[in-house]
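Chemist: One structure, as structure tokens, below. Some questions next.
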Amino acid sequence: AYENPTRSCSGYLIHTHEGYIVIDCGNGFIQQLSRKYGDENVVTIIKDLKCVWLSHCHFDHIIGIYDLLFYRKKLTNSELLICCDPLCEAEIKEKQKIYGKGNENFFHLIFNDRKKIIDVCGIEIKSIGTIHTEFSMGCVMNFKNNGLKLTYTGDMFYDDKFINEVGNCDILISEATYPKDKADRCSVHQHMSNVQAESLQTRLNASY
């Protein structure tokens, strides 16, 4: 259950000159793209989608991928890179067989376990372990054409090890669940407070 019933699910679109990358894909992700960019532009985005990177197996971060994959199947049969943990991979493969009526490669997916640096769309994606749930990770995206460095935490407990491994970044996407007056819940659910997210921005020298 969410602390706030109006809380949004996670999902971020990264636009590069070589295609699109999705970071996490919560419920309603495709619908949010349509609201923001219009149906015609969503067709272009999904056809040119190169990679989906998933932080962990909780449904508020992955359940929207099935809408995305089924929509994409109507547009293209090109392969799509899915970077995720083994629990997500097993879940997606099970649904793929259901949608494909037994076809294990219905969506034309290539899976990556995030253990090594991923090079896609002119970006190097390094996954970094986080304290949240089994196999959960954040990531650092290094844009090779302009030197920008983007960090994504996903859900995580405030962690010096993560901060030290990231070092510095230009852009920080940090998911903070609890306000200051409920920060005691962070240790119970392995999430961050908004105050901790602000501290993370300062410690990583993120300008945005």
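Chemist: Scan the range 78-100 for residues that are of a type in the set (A, V, I, L, M, F, W, C), in contact with a strand residue (DSSP E or B) (Cβ under 7 Å, 6 or more places away or on another chain) and more than 14 Å from Asp24 (Cα to Cα) and jot them down.
Modeler: Leu80
Chemist: Considering only residues of the range 123-139 that are among the hydrophobic types (A, V, I, L, M, F, W, C) and over 17 Å from Val52 (Cβ atoms), which is surrounded by the most Cβ atoms within 10 Å (Cβ to Cβ)?
Modeler: So, considering only residues that are among the hydrophobic types (A, V, I, L, M, F, W, C) and over 17 Å from Val52 (Cβ atoms), the one surrounded by the most Cβ atoms within 10 Å (Cβ to Cβ) is Ile128.
Chemist: Answer with yes or no whether Ile110 is surrounded by fewer than 17 Cβ atoms within 10 Å (Cβ to Cβ) and assigned to a strand (DSSP E or B). It would help to see each step written out before you state the result.
Modeler: Details: surrounded by fewer than 17 Cβ atoms within 10 Å (Cβ to Cβ): yes; assigned to a strand (DSSP E or B): yes.
Taking the combined requirement at face value, the residue satisfies it.
Chemist: Enumerate the pairs (first residue in the range 193-208 and assigned to a strand (DSSP E or B); second residue anywhere and charged (D, E, K, R)) with beta-carbon separation below 7 Å, excluding pairs fewer than 6 apart on the same chain, so at least 6 apart or on different chains.
Modeler: That search, which allows pairs on different chains as well, returns Ser193/Lys180.
Chemist: Of everything in the range 151-177 that's in contact with an Asp or Glu (Cβ under 7 Å, 6 or more places away or on another chain) and open to solvent by less than 10 Å² (accessible area, probe 1.4 Å), which residue is farthest from Ile128 (Cα to Cα)? Give the derivation first.
Modeler: Going through the range 151-177, the residues in contact with an Asp or Glu (Cβ under 7 Å, 6 or more places away or on another chain) turn out to be 153-155, 175, 177.
Subset that is open to solvent by less than 10 Å² (accessible area, probe 1.4 Å): 153-155.
Values: Thr153: 9, Gly154: 11, Asp155: 12 Å.
The extreme case among them is Asp155.
Chemist: Do you know which residues across the range 139-154 are free of Cβ contacts under 8 Å to residues at least 40 places away in the same chain, more than 16 Å from Gly19 (Cβ to Cβ) and not in a strand (DSSP E or B)?
Modeler: So the first thing to find is which residues in the range 139-154 are free of Cβ contacts under 8 Å to residues at least 40 places away in the same chain, and the list is 140, 142, 144, 146-149.
Within this subset, residues satisfying the condition of being more than 16 Å from Gly19 (Cβ to Cβ) are 140, 142, 146-149.
Correct list: Asn146, Gly147, Leu148.
Chemist: While we're here: For the range 72-87, which residues satisfy the criterion of being touching a helix residue (DSSP H, G or I) at 6+ places or on another chain (Cβ under 6 Å) and crowded, with 17+ Cβ neighbours inside 10 Å? Lay out the reasoning, then the answer.
Modeler: Going residue by residue through the range 72-87, those that are touching a helix residue (DSSP H, G or I) at 6+ places or on another chain (Cβ under 6 Å) are 72, 75-76.
Scanning the range 72-87 gives a single hit, Arg72.
Chemist: Let me ask another. Which number in (1) among the hydrophobic types (A, V, I, L, M, F, W, C); (2) modelled with pLDDT under 95; (3) closer than 30 Å to Glu198 by Cβ marks the one condition that Ile98 misses?
Modeler: Ile98 satisfies all of (1) among the hydrophobic types (A, V, I, L, M, F, W, C); (2) modelled with pLDDT under 95; (3) closer than 30 Å to Glu198 by Cβ except (3).
The values are calculated or read from the model by the stated rules, or taken from the named source; none is laboratory data. Please read all numbers here as calculations on a predicted model, not as lab measurements. We place every Cβ from the backbone using ideal geometry, glycine too, and count neighbours over all the protein chains shown. Calculation scope for accessible area: heavy atoms of the full protein, side chains included, ligands and nucleic acids excluded. Shrake-Rupley method; radii C 1.70, N 1.55, O 1.52, S 1.80 Å.
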